[in-house]
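Here is the structure we will look at.
The values are calculated or read from the model by the stated rules, or taken from the named source; none is laboratory data. Note that this is a predicted model, so its numbers are computed, not measured. Cβ sites come from the backbone with ideal geometry, for glycine too, and all protein chains shown count toward neighbours.
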Ligand code: SIN
Ligand code: FE2
């Protein structure tokens, strides 16, 4: 019997909710180019632990690239055109990253997505991200495109209320998750990263979320 295309072309997109699609391994083909493109970004705008408006240090370390970057401080959460560490504009969005996000968004049903912000989160074993909504962007009609690299994570995907039941989604190295439309404001978070050493990225998980913020 002839193998089906499904077997020949690897994991297929999975629709997880009406406007949420998981693209398993979608970033793997361009992984090395993506890491090469990220290196200068991280040199210009290193990972740092920001403080929440409540005065606590965030467990996740973060940085940004793109015209706008997500920041948190005593005054609240917002997008800023400059890196508060350097006072300089954030590093530009690498074209390869932009193209990858646009392709993923199109596959997930969001043709025409042009992100202007990429939040880069750095997790170590034990780091978690508590449930939250992404609502600092101007236009909720635009999706979030999330690229996971390094150690695996369990992503919590909830409802529109914090107390709603969450489902657990495994996010592995190279996976891309897109959520928008009716799912755009779902609460989400990440369970503590399990101890481990990823063969390419070591003891870390890096997550990139591309957004249309402004
Ligand atoms: C986020 O919600 O900003 C990041 C999600 C993730 O790390 O998978
Ligand atoms: Fe988020």
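Would you confirm, using the coordinates I've provided, whether residue 144 is within 11 Å of ligand 2 (Cβ to nearest atom) and touching a residue at least 40 places away in the same chain (Cβ under 8 Å)? It is true that residue 144 is within 11 Å of ligand 2 (Cβ to nearest atom) and touching a residue at least 40 places away in the same chain (Cβ under 8 Å). The residues on offer are 189, 158, 174, and the sole one that is touching a residue at least 40 places away in the same chain (Cβ under 8 Å) and either surrounded by 22 or more Cβ atoms within 10 Å (Cβ to Cβ) or away from ligand 1 (no atom under 11 Å from the Cβ) (or both) is 174. Restricting attention to the stretch 106-139, the residues that are closer than 27 Å to residue 191 by Cβ and in contact (Cβ under 8 Å) with a residue 60 or more places away in the chain total 20. None of 167, 204 is in contact with a strand residue (DSSP E or B) (Cβ under 6 Å, 6 or more places away or on another chain) and loosely packed, with under 14 Cβ neighbours inside 10 Å except 167.
Would you call residue 159 part of a loop (DSSP other than H, G, I, E, B), away from ligand 2 (no atom under 16 Å from the Cβ) and modelled with pLDDT of 95 or more?
Against the criterion (part of a loop (DSSP other than H, G, I, E, B), away from ligand 2 (no atom under 16 Å from the Cβ) and modelled with pLDDT of 95 or more), residue 159 does not qualify.
Counting the residues of the stretch 78-119 that are within 16 Å of ligand 2 (Cβ to nearest atom) and in contact with a helix residue (DSSP H, G or I) (Cβ under 9 Å, 6 or more places away or on another chain) gives 2.
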